[in-house]
């Protein structure tokens, strides 16, 4: 098999209205969106290698195993008037192999994420999904 294109959907369940969010491609914001009252979703195109690694310009890594995607927030997403300059790190190396097989066959995989920290400001640092990754 060759590398397969797959789509990961990152959905922020309760983003802070008025705050700009974007994916991080390479080291820059990608297609920033200002949040309203509804959930906010980003479709992340990646490549699935034969050995299960996820690759591409949106994928970052730490060490041999850890792979993740950044969501930029506030000034990091290009809103220079924002009071926040943050990134949320979403792990993708722990997606179950059976789901990756479904993605290889064309399914979109989604993680629903909290949009706010305990203090009500935009969630940042390593953000854990509200529930397990799922096929949509």
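Under a crude label model (7 Å from the Cα following the beta-carbon direction), how far is residue 130 from residue 66 in nanometres?
2.6 nm
7 Å from Cα along Cα→Cβ at both residue 93 and residue 3: what's the point-to-point distance in nm?
Those two pseudo-labels are separated by 1.8 nm.
For the range 72-135, what is the convex hull (Cα atoms) projected area averaged across all directions, in square nanometres?
Values: hull surface 20.6 nm².
Dividing the Cα hull surface by four gives the mean projection, 5.1 nm².
What list do you get for 133, 84 if you sort them by fewest beta carbons within 10 Å? Spell out each step's value before the answer.
Details: 133 19, 84 16.
Going from sparsest to densest Cβ surroundings: 84, 133.
Taking the Cα centroid of the range 20-35 and of the range 95-136, what is the distance between the two, rounded to the nearest whole Å?
17 Å
Pairs of alpha-carbon atoms within less than 8 angstrom and 6+ residues apart define the contacts here; what relative contact order does the chain have, in percent?
Working: 317 pairs, mean separation 37.3, N = 136.
After rounding, I find 27 percent.
Let me make sure I get this right: for the range 1-80, a, b and c are the square roots of the gyration tensor eigenvalues over alpha carbons, sorted descending. Under 1.5 in a/c it's rounded, otherwise prolate if a/b > b/c, else oblate. Which is it?
prolate
Taking 0.36 nm per residue of sequence separation and subtracting the Cα-Cα distance, how much length would be gained by fully extending the chain between residue 118 and residue 47, in nm to one decimal?
Numbers: separation 71, 0.36 × 71 = 25.56 nm, distance 3.40 nm.
Gain on extension, residue 118 to residue 47, equals 22.2 nm.
Bear in mind that the values in this text are calculations on the coordinates, not laboratory data. In this text the structure is predicted, and so the values were computed from the model without any measurement. Positions of Cβ are generated from backbone atoms using ideal geometry, with glycine treated the same way; all protein chains shown enter the neighbour counts.
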